[in-house]
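Engineer: Here it is, the structure in full.
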Amino acid sequence: MYLQNLAYVIYTSGSTGKPKGVLLTHEGLFNLVGAQTKEFRIDYRVRLLQFASLSFDAAASEIFTTLLNGATLYIVDQETLASGTELLNFIRQNQITTSTIPPSVLRVLPPENLDTLETVISAGEALSPASAERWSESRHMINAYGPTETTVCATCYHFENAINLSQISIGKAIDNVRLYVLDSSMNLVPIGVPGELYIGGTGVARGYFKRPGLTARKFVPDPFSAVEGARLYQTGDLVRYQADGNIEFLDRIDHQVKIRGFRIELGEIEESIKAEKDIKDCVLIAHGKGDKKLAAYVITNTPKKEIIAEEIKFNLRKTLPDYMVPSFIIKMEKFPITGNGKIDKNALPNPVAEKTQFVKAGNETEKKLVGIWQDVLSVDQVGVNDNFLNWADIR
């Protein structure tokens, strides 16, 4: 049938950094338009801002969902999108009613004085409770989730006036999409137990363009479907079902890293750092191969005030084990952003080790220890107060 014909091919790097072409069908796109018409409350009166670039799959949602409902699509240039002031003026002047805005942009834009903006959709990254509270006041808000491989959007969570929420759910499946939370043996896990999210039903892509091996790994046979040839997309996202049927996003499974032999969740440490006084936002990266080291990039509420890294580390050690405390805490004025509005982690600066003031070994025991460390680290000079974690190379 024609619905199984290709509608478009879009390249995405996902979490791997290596671009791959995703083959999307007319059936998936048709289902998306119908579902989002209902979820986003689209009708002929809507004025929708096209925030996503054409190289991003969300553009398909914005274009077709708007135009097929007789609504008005407002195109904006990249210069305006990159300027917070100009973007806000564009929304006001054109009386935009609906827009999909990435969380990284929501964090830096003020939600006030946007009287016409009735519906805001957050997508692409995890939405923080603070942003949800600020933007949902007297406004309908949707936290949407979906990999490119499942035709833009797979779940939606609706809310208004979000106050004192500890986390924002990614919601429930849109029409004709099925969600499964499975363990490593492809067994369903109980409510509240973390597992990997698999997505089935209408919207699952054909696979990757000229990548049969990768397609076979990521698009697996659907053991829960009676339809011959049905497949599930393996998202790589760690989630759990809540008692009310909504799904809570926990982290990327590949964001679980090993530090000194311990497996940790980067998101857990990020939340601990954001709870520190004067920390507005945080991104955590595990640098290196083999012996990884954690680097925290932070934005403060008072940009001109310097942070005291050792003080933050001291506070973190009250609740976190030593291996979860970042080796580096780096202050940023703002995080680098990709053209699609996501945080560009590859553009974050490499951490630089802070060395203490050099103090020469004063006795035979200190000289022997210093000599051992010089041999281990292959350096010419080590002081008695130097920190091993700062000396160790980030490879």
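The values are calculated or read from the model by the stated rules, or taken from the named source; none is laboratory data. Remember, it's a predicted structure, so these values are computed and weren't measured experimentally. When we count neighbours, we look across all protein chains shown, and the Cβ atoms used for this are built from the backbone with ideal geometry, even at glycine.
Engineer: With the condition kept exactly as written, say whether any residue in the stretch 301-313 is touching a helix residue (DSSP H, G or I) at 6+ places or on another chain (Cβ under 8 Å), modelled with pLDDT of 80 or more and either at negative phi or in a loop (DSSP other than H, G, I, E, B) (or both).
Structural biologist: Checked the stretch 301-313: at least one residue is touching a helix residue (DSSP H, G or I) at 6+ places or on another chain (Cβ under 8 Å), modelled with pLDDT of 80 or more and either at negative phi or in a loop (DSSP other than H, G, I, E, B) (or both).
Engineer: Quick check on this structure: which one of Arg217, Arg206 is among the basic types (Lys, Arg), over 19 Å from Gly146 (Cβ atoms) and assigned by TED's automatic domain parsing to the domain that holds Lys38?
Structural biologist: Selected residue: Arg217, the only one of Arg217, Arg206 that is among the basic types (Lys, Arg), over 19 Å from Gly146 (Cβ atoms) and assigned by TED's automatic domain parsing to the domain that holds Lys38.
Engineer: Mind listing just one residue for me: the one in the stretch 178-201 that is buried (at least 21 other Cβ atoms within 10 Å of the Cβ) and over 20 Å from the mean Cα position of the chain (by Cα) and, of those, nearest to Pro223 (Cα to Cα)?
Structural biologist: Gly200
Engineer: In the stretch 89-104, what residues are over 8 Å from Leu117 (Cβ atoms) and buried (at least 19 other Cβ atoms within 10 Å of the Cβ)? So that I can check it myself, show each step before the final result.
Structural biologist: Filtering the stretch 89-104 down to residues over 8 Å from Leu117 (Cβ atoms) leaves 89-90, 92-95, 100-104.
Listed by number, the residues that qualify are Thr100, Ile101, Pro102, Pro103, Ser104.
Engineer: Return the residues of the stretch 88-138 that are closer than 17 Å to Ala52 by Cα and of a type in the set (Val, Ile, Thr); say none if nothing qualifies.
Structural biologist: Ile91, Ile96, Thr97, Thr98, Thr100, Ile101, Val105, Thr119, Val120, Ile121
Engineer: If you don't mind, there's one more thing I want to ask. Quick one: in the stretch 269-303, of everything that is out of contact with any strand residue (DSSP E or B) (no Cβ under 8 Å at 6 or more places or on another chain), more than 18 Å from Phe335 (Cβ to Cβ) and charged (D, E, K, R), which residue is surrounded by the fewest Cβ atoms within 10 Å (Cβ to Cβ)?
Structural biologist: Lys289
Engineer: Just one of Glu112, Glu118, Glu137, Glu125 is under 21 Å from Leu250 (Cβ atoms) and either among the charged types (D, E, K, R) or more than 15 Å from the chain's Cα centre (by Cα) (or both); which is it?
Structural biologist: After applying the criteria, what remains is Glu125.
Engineer: Considering only the stretch 145-167, state which residues are assigned to a loop (DSSP other than H, G, I, E, B), of a type in the set (Ser, Thr, Tyr) and buried (at least 22 other Cβ atoms within 10 Å of the Cβ).
Structural biologist: Hit for the stretch 145-167 is Thr151, nothing else.
For every residue, the table says whether it meets (1) modelled with pLDDT under 90; (2) over 21 Å from the mean Cα position of the chain (by Cα).
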residue: Ile10; (1), (2): no, no
residue: Lys18; (1), (2): yes, no
residue: Asn31; (1), (2): no, yes
residue: Ser53; (1), (2): yes, no
residue: Leu67; (1), (2): no, yes
residue: Thr72; (1), (2): no, yes
residue: Ser83; (1), (2): yes, yes
residue: Arg92; (1), (2): no, yes
residue: Thr97; (1), (2): no, yes
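Engineer: State yes or no: is Ala58 farther than 21 Å from Cys156 by Cα and under 22 Å from the mean Cα position of the chain (by Cα)?
Structural biologist: The answer is no for Ala58.
Engineer: Look at the stretch 216-236 and say how many of its residues are closer than 15 Å to Leu182 by Cα, under 27 Å from the mean Cα position of the chain (by Cα) and not in a strand (DSSP E or B).
Structural biologist: Residues that pass the stated criteria total 2.
Engineer: Could I ask something else about it? Do the conditions hold for Lys318, that is, is it modelled with pLDDT of 85 or more, outside the structural domain of Asp237 (by TED's automatic domain parsing) and loosely packed, with under 12 Cβ neighbours inside 10 Å?
Structural biologist: When the stated conditions are applied, Lys318 passes them.
Engineer: Scanning for something in the same structural domain as Leu54 (by TED's automatic domain parsing), in a loop (DSSP other than H, G, I, E, B), over 28 Å from Val283 (Cβ atoms) and modelled with pLDDT of 95 or more, does the stretch 121-144 turn up at least one residue?
Structural biologist: Residues of the stretch 121-144 in the same structural domain as Leu54 (by TED's automatic domain parsing): 121-144.
Narrowing further to those that are in a loop (DSSP other than H, G, I, E, B): 123-128, 137-139.
Subset that is over 28 Å from Val283 (Cβ atoms): 138.
If we keep only those that are modelled with pLDDT of 95 or more as well, we get none.
The answer is no; no qualifying residue exists.
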